[in-house]
Amino acid sequence: MPDRIAVDLLRLARNPVSGRIRHRGSLNIALRAALFAELALNGEIVDEGNAPKLTSPEPTGDRIFDAILRTVGTRPNVTWRRWFRHVSADLAALCAELVDAGRWIPMRGWYTAFTDAKPDEVQANALELERVARFERAPRDQREAVLTLLAIACGALGRRPRPAAIRRELNSVFDAVDDLTTQKVVATAATLIRRSRRGLNPAR
């Protein structure tokens, strides 16, 4: 089974030299968007009245996805922006999952950093996303399009976050995402990353 989009995004955001996680504030927003986007692509949620709505009460069997779906089910009509509050919990949960699985090894030091067990895999993924972002090839599917957009928006590939690029120079990649709910999630995340980098409260 492929990793969640959020796991791929988090692994990309780890600095391969220092092991530290880059642009945490922007990444936190992008990780929440990646989780919601994948649920939308899987048909688990839809946008209704500018808020996520469950399409089925059945669990997916994925611990993190099911936790999100349970919370969405108990909080109907909560708008998308409000779902981007307290987003640091996703980063903590995903890091712990990678460590528990032996895929990330904590590094000793005064700051939080990790070694990836398969760095070549991450580098190869980053190079492929860069090719998509440079229009050298089209995204393989909506999942890769979402990962490319969020990686550029939050700076996971090593450059500064560029949330405005999603609807400007990367507009053709955005259009490769056919699912309207997923488009809504990605566009909302880009707006909130831009607000957070301007020092504004992103969830208002």
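Couple of notes before you dig in:
- Using just its DSSP H runs of length 4 or more, each adding -39500 (n - 2.57), the chain gives a mean residue ellipticity at 222 nm of -16000 deg cm²/dmol after division by all residues.
- Highest mean packing first, where packing is the average number of other Cβ atoms within 10 Å per residue, the peptides 149-162, 35-48, 89-102 line up as 149-162, 35-48, 89-102.
- Largest-first principal axis extents, alpha carbons of segment 67-145, Å: 41, 40, 21
- Here is the tail figure for segment 141-204: Cα pairs spaced more than 18 Å apart come to 30 percent of all pairs.
- For the chain, relative contact order (Cα pairs under 8 Å, six or more residues apart, normalised by length) works out to 30 percent.
- At R0 = 22 Å, FRET efficiency that the Cβ-Cβ distance of residue 97 and residue 71 yields, to 0.05: 0.80
- For segment 39-92, the gyration tensor built on C-alpha atoms gives an oblate shape. Its axis ratio a/c (a ≥ b ≥ c) is at least 1.5, and a/b is not larger than b/c.
- Given the choices (1) 24, 20, 17; (2) 46, 18, 15; (3) 27, 21, 15, semi-axes √(5λ) of the Cα gyration tensor in Å derived from the coordinates of this structure is entry (1).
- For the pair residue 110 and residue 123, label points projected 7 Å from Cα toward Cβ lie 3.0 nm apart.
- As a proxy for reagent exposure, ranking 74, 60 by other Cβ atoms within 10 Å from fewest up yields 74, 60.
- Within the shell of other residues whose beta carbon sits under 12 angstrom from the beta carbon of residue 64, the net charge comes to -2, with Lys and Arg scored +1 and Asp and Glu -1.
All of the numbers you see were taken from the coordinates with simple rules; none came from a lab. Every value quoted in this text rests on a predicted model; they were computed, and no experiment measured them. When we count neighbours, we look across all protein chains shown, and the Cβ atoms used for this are built from the backbone with ideal geometry, even at glycine.
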